[in-house]
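Shown next, in structure tokens, is the structure this report addresses.
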Amino acid sequence: MNRSICCIGAGYIGGPTMAVIADHNHDRKVIVVDINKERIAAWNSDKMPIFEPGLDEVVKRRRGKNLFFSTDIEGAIKECDIIFVGVNTPTKTFGRGSGCASDLQYWEATARNIVKVANGNKIVVEKSTLPVRTAEAMERILSQHSQFRFDVLSNPEFLAEGTAINDLEQPDRVLIGGHQTPEGLAAIQALSAVYGTWVPKERILTTNLWSSELSKLAANAFLAQRVSSINSLSALCEETGADVEEVARAVGMDRRVGPHFLKTGPGFGGSCFKKDILNLVYICESYGLTEVAEYWRQVVAINDYQQQRLVGGIIRTMFNTLANKKVAVFGFAFKANTSDTRESPAIAITKMLVEEHAQIVITDPKALVHVKEDLGPDADKVQTTADPYAAVQDADAIILLTDWAEYKTLDYKRIYASMRKPAFVFDGRNILDHAALRALGFEVKGMGK
Ligand code: NAD
Ligand code: UGA
């Protein structure tokens, strides 16, 4: 077995994960490959294809030394004995399971490619998030090639965007699932050695394949469930005079609950929470577990409700009409510190505002490049500017949707002066100082307050 590693799929997962592995394994060659030529060219340039704090430094440290980005997928499969598969697994948009199941076509294409060009035994590592028991199908495809041996491992990734490098450097755990056979255990050992150069042994958790695959869906479902739980209570807070942040603090101080993922907002976004929960729902349904499926479906239902509710509150507060009113949307990324807008709440909310005939100006420090594609035909009905001060000129309202730190330190006195009156602030993330804004003259509405 040689020590070279490749990863098929140079996206949000493949790029950062392999860069950190290369940084901690100078004696291993790490090759990241993709069918997308532009993406690979960007990884090889001064401007990374994704914005992620700390990523540039790690890539620049190792690129050309033991870290390589290439479109030569077949060459990489031949050269490396450990092959990570980090391709996209979006929600299916056609046929059976449309809108719920995972679309596994990219993943299957990869497995077939591995079989076609492999020139020796390989360890194939599922890095993408996949339905439980996918490894079984992968093994069947790979075993068509009788000459060589393929050991399939599940090694799901738990990093969050915006903190990817830190999460990779100091993971809560690295999960490796494999068959509990001598060959499976040897493959687990080989992969553990890659992480063992920087991750403490006790944080490398090994399990059977199916536990590992399901744990990834379960972890995302639990996290999203917490967000929906607090968002559902934010609605009740608004009716009762309770303050959702005070409630979250009181609940989260119980060590059995913990303080994280209790921040109310415009609903969770990102490429994975919704996709993975819907996938979990689909899997449960396919095993006839209707009640379990319904339970998890509600997590997504509350998320949609939260976005409707936020827009409903804005319309009510602004005298039941937004027609021809200018609103400045602060933030288009699904969370701070990322340029990613996949499933961003800002997309659905902007579309609802367009339906109300509002005049919309969107501002965001990193994500404006995606507005056109994300809004489709509605993109012609909105304006964009990277400058928040330009966005608020003559605006009736600010709707803050992304928790970018820079929005906390803007000159709101200057902003108030440039807006129409009454000037509204809808703080969808509760990150601004509401008392200070009110003192300046703004009418302020937070979430769950
Ligand atoms: P992405 O879309 O950013 O990247 C996937 C890449 O795979 C794309 O660049 C695409 O061109 C490439 N690809 C597709 N088919 C290919 C093929 N046949 N050969 C070579 N390359 C191919 O997706 P992502 O956000 O990196 O997510 C990838 C997987 O990781 C998903 O399953 C996701 O659920 C999981 N995941 C993502 C995150 C995250 O934070 N984004 C976190 C944990 C897990
Ligand atoms: C999430 C998980 O946190 C990662 O562990 C996982 O690897 C990843 O999904 C994945 O599988 O892709 P990510 O989506 O990048 O990571 O970002 P999160 O920090 O989890 O935020 C998700 C969404 O929930 C964001 O829109 C965020 O604003 C929202 N959120 C988060 C809240 O509204 N409230 C909170 O308290 C926390």
With respect to the cross-link table entries LYS37/LYS274; LYS127/LYS372; LYS60/LYS275; LYS116/LYS274; LYS326/LYS445; LYS127/LYS263, which display a Cα-Cα separation exceeding 26 Å?
LYS37/LYS274; LYS127/LYS372; LYS60/LYS275; LYS116/LYS274; LYS127/LYS263
Report the Rg/Rh value for the chain, based on alpha-carbon coordinates and the Kirkwood definition of Rh.
1.00
Once normalised by the length of region 1-155, the mean sequence separation of its alpha carbon contacts under 8 Å that are 6 or more apart gives a contact order in percent of 23
quick note, the chain, DSSP beta bridge pairs, % antiparallel (nearest 5) is 5
In order over region 292-299: 3J(HN,Hα) from phi, Karplus 6.51/-1.76/1.60, θ = phi - 60°, whole Hz, x for each Gly or Pro, gives 5, 4, 4, 4, 6, 4, 4, 5
Under 14 Å Cα-Cα from LYS351, which aspartates and glutamates qualify once same-chain neighbours fewer than 8 residues away are excluded?
ASP304, GLU343, GLU373, ASP374, ASP378, ASP380
Globularity index of region 305-432, i.e. its alpha-carbon radius of gyration over 2.2 N^0.38 Å
0.94
What residue among PHE68, VAL132, ASN121 has its Cα farthest toward the positive end of the dipole of region 58-206, where the charges are +1 on Lys, Arg and -1 on Asp, Glu, each on the Cβ?
PHE68
Stretchable slack from GLU74 to ARG61, in nm (0.36 nm times residue separation minus alpha-carbon distance)
2.1 nm
Take every Cα pair under 8 Å in the chain that's 6+ residues apart, average their separations, divide by the length, and report that relative contact order as a whole percent.
12
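Quick note: the coordinates plus some simple rules give every number you see, no bench work behind them. Quantities reported herein were computed from a predicted structural model and do not represent experimental measurements. Please note: Cβ atoms are built from the backbone with ideal geometry, for glycine as well, and neighbour counts cover all protein chains shown.
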